[in-house]
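The structure under discussion appears below in the form of structure tokens.
The values are calculated or read from the model by the stated rules, or taken from the named source; none is laboratory data. Remember, predicted model here, so these are calculated numbers, not experimental data. Here the Cβ positions follow ideal geometry from the backbone for every residue, glycine too, while neighbour counts run over all protein chains shown. Please note that ligands, DNA and RNA were not included when accessible areas were found on the heavy atoms of the full protein model with its side chains. Shrake-Rupley method; radii C 1.70, N 1.55, O 1.52, S 1.80 Å.
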Protein chains: 2
Amino acid sequence: MLRKLPIRKKLMAEDADRARKSIGARRNPDSADAILDAAEAVLVESGYSSFSIEAVARRARAGKPTIYRWWPSKAALLFDVYQRLKRVENPDTGNLEDDLVGFLKNLFSHWHETSSGSVFRSLIAEAQSDATVAAVLVEYTKGRHAHTGQMIERAKARGEVAADVDSTLVADLVASFAWTHLLTNRLNEDEATLRRAVGYVLKGIAADDAGSVDAAAVRRRRRRIIG
Amino acid sequence: MLRKLPIRKKLMAEDADRARKSIGARRNPDSADAILDAAEAVLVESGYSSFSIEAVARRARAGKPTIYRWWPSKAALLFDVYQRLKRVENPDTGNLEDDLVGFLKNLFSHWHETSSGSVFRSLIAEAQSDATVAAVLVEYTKGRHAHTGQMIERAKARGEVAADVDSTLVADLVASFAWTHLLTNRLNEDEATLRRAVGYVLKGIAADDAGSVDAAAVRRRRRRIIG
DNA sequence: TATATAAAACGGGCCGTTCCGTTTCGTCAA
DNA sequence: TTGACGAAACGGAACGGCCCGTTTTATATA
């Protein structure tokens, strides 16, 4: 309920305001939630262009100093809003292609249908003009790639994937595809396109791919699983 | 030299200011170049966060109305700055892997060493809060993917790549990788990593890849070409 | 004369900060 | 257990500053 340390610590080591966090620092959790709710609402309803501290404060019926007390910047607030949102879980169908397609499908619809897409886009945009956010974002993506890479690692353990494959790099490729589609309003790709894209990463596009026919059959067979 | 129609027409059909473009519209080309120069300089020296019309005007010793006369928004100005920069040409080594690796290598160093990286990052960021830029950016990327896709099409013609491959989608994958690395300050990847990433797209990561040994030999042989 | 120009000023919005007076909540003595 | 105290949060208002996009004015140019 009551967090002892200010949220702002997440993004910034403050030298100032030492007095506050010395003992007291008893923030009103309802107020913090109201502010995060308002931030998310403003972002969804009016878009990133009109996302300002003042707008959030108005919406939350909070004072600007209250926001600045706990979040050092617009970006820190954005990041907390994003952190609060649910994440997409990695599928585990026993087949890497289905795992990756399912992952992308879930991610796209999650971004599209909830506010997390807007929030994440804003976060990326903000990172382009705020070095602190940029650093946090890079760290975050590293973690996400490692997490996504577990799907590839599982496929390795099954012998589905060569042992010397850099699973993080593969995750990077897949996530990059998702990022750019988010950033350019192309989250409507149908499953066939996603499957094709994943397939290119998985099987390559070489004409002399000996397994191509078999692979197509396997693909058809497994399409049922992920529905 | 002297463009008859305002640059702003590129991004926006103006209904207002009809009088100006009727016959007159004799813009001072030196002034326009000075403004674009100033915009680029501000962007490179102070970053996107301090890129404002006023800053550009100050730097160019121009009046704000002069800028607004010819560019409808900050975004339009940004886009013209980017358009003015040199593009990366597609390599044609006769081998798709080398083409793609060379393309990425050139793109990364071009983004890294010239101002085009900063400008493009800013453009993407701006697109997240300006629908007009977003539309222009999508159109632009479509064209770029088609252009990059020509490398894949050439490989198709050589029989290097299956005929039913969606070359635009492959270009999308490769470009997406580049985008996210630009957006997260990871343009320093060494060539080996680029080659590995491209290799995953080209040959897949399936363990039962029959051609993997031969492919590695071919790769070693051809590495000389692109240096 | 007609047009583009630079410069200045406008109203408006948001920034991040500083005050104000009020409310909340942990502490501690009665 | 109660109640007063004080620290620290709170909402609200206002500040100087920057930038927005526009308007006005006077100057230079062809």
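Below, the figures for the structure above:
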| read-out | value |
| --- | --- |
| Single condition B:Glu191 does not satisfy, out of (1) at the interface with chain A (Cβ under 7 Å from one of its Cβ atoms); (2) within 14 Å of B:Leu104 (Cα to Cα) | (1) |
| Residues of segment B:55-70 that turn out to be surrounded by fewer than 20 Cβ atoms within 10 Å (Cβ to Cβ) and either of a type in the set (Val, Ile, Thr) or in a loop (DSSP other than H, G, I, E, B) (or both), as a count | 4 |
| Checking A:Asp172 against (1) within 10 Å of chain B (Cβ to nearest Cβ); (2) open to solvent by 50 Å² or more (accessible area, probe 1.4 Å); (3) of a type in the set (Asp, Glu), the condition it does not meet | (2) |
| Breaking point among (1) more than 15 Å from DNA strand C (Cβ to nearest atom); (2) touching a residue at least 40 places away in the same chain (Cβ under 8 Å); (3) closer than 25 Å to B:Asp130 by Cα; (4) of a type outside the set (Asp, Glu), for B:Arg69 | (1) |
| In segment A:152-165, residue farthest from B:Val198 (Cα to Cα) [restricted to those that are of a type outside the set (A, V, I, L, M) and not in a helix (DSSP H, G or I)] | A:Arg158 |
| Some residue of segment A:139-149 being of a type in the set (Val, Ile, Thr), closer than 28 Å to B:Leu43 by Cα and under 17 Å from the mean Cα position of the chain (by Cα) | yes |
| Test for B:Ala178: is it buried (at least 19 other Cβ atoms within 10 Å of the Cβ) and at pLDDT below 95 | no |
| Leading residue by the ranking (least open to solvent (accessible area, probe 1.4 Å)) among those in segment B:181-192 that are free of Cβ contacts under 8 Å to residues at least 40 places away in the same chain and under 21 Å from the mean Cα position of the chain (by Cα) | B:Thr184 |
| Residue in segment A:128-151 that is farthest from A:Asp172 (Cα to Cα), counting only those that are in a helix (DSSP H, G or I) and of a type in the set (Ser, Thr, Tyr) | A:Thr132 |
| Those residues of segment B:104-138 which are open to solvent by 10 Å² or more (accessible area, probe 1.4 Å) and more than 10 Å from every other protein chain (Cβ to nearest Cβ), in sequence order | B:Lys105, B:Asn106, B:Leu107, B:Ser109, B:His110, B:Trp111, B:His112, B:Glu113, B:Thr114, B:Ser115, B:Thr132, B:Val136 |
| Count - residues of segment A:149-180 that are small (Gly, Ala, Ser) and touching a residue at least 40 places away in the same chain (Cβ under 8 Å) | 2 |
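So that you can scan it fast, the table gives a plain yes or no per residue for (1) over 21 Å from the mean Cα position of the chain (by Cα); (2) at pLDDT 90 or above; (3) open to solvent by 30 Å² or more (accessible area, probe 1.4 Å); (4) more than 11 Å from DNA strand D (Cβ to nearest atom):
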residue: A:Arg3; (1), (2), (3), (4): yes, no, yes, no
residue: A:Ser22; (1), (2), (3), (4): yes, no, yes, no
residue: A:Ala39; (1), (2), (3), (4): no, yes, no, yes
residue: A:Ile53; (1), (2), (3), (4): yes, yes, no, no
residue: A:Pro72; (1), (2), (3), (4): yes, no, yes, yes
residue: A:Tyr82; (1), (2), (3), (4): no, yes, no, yes
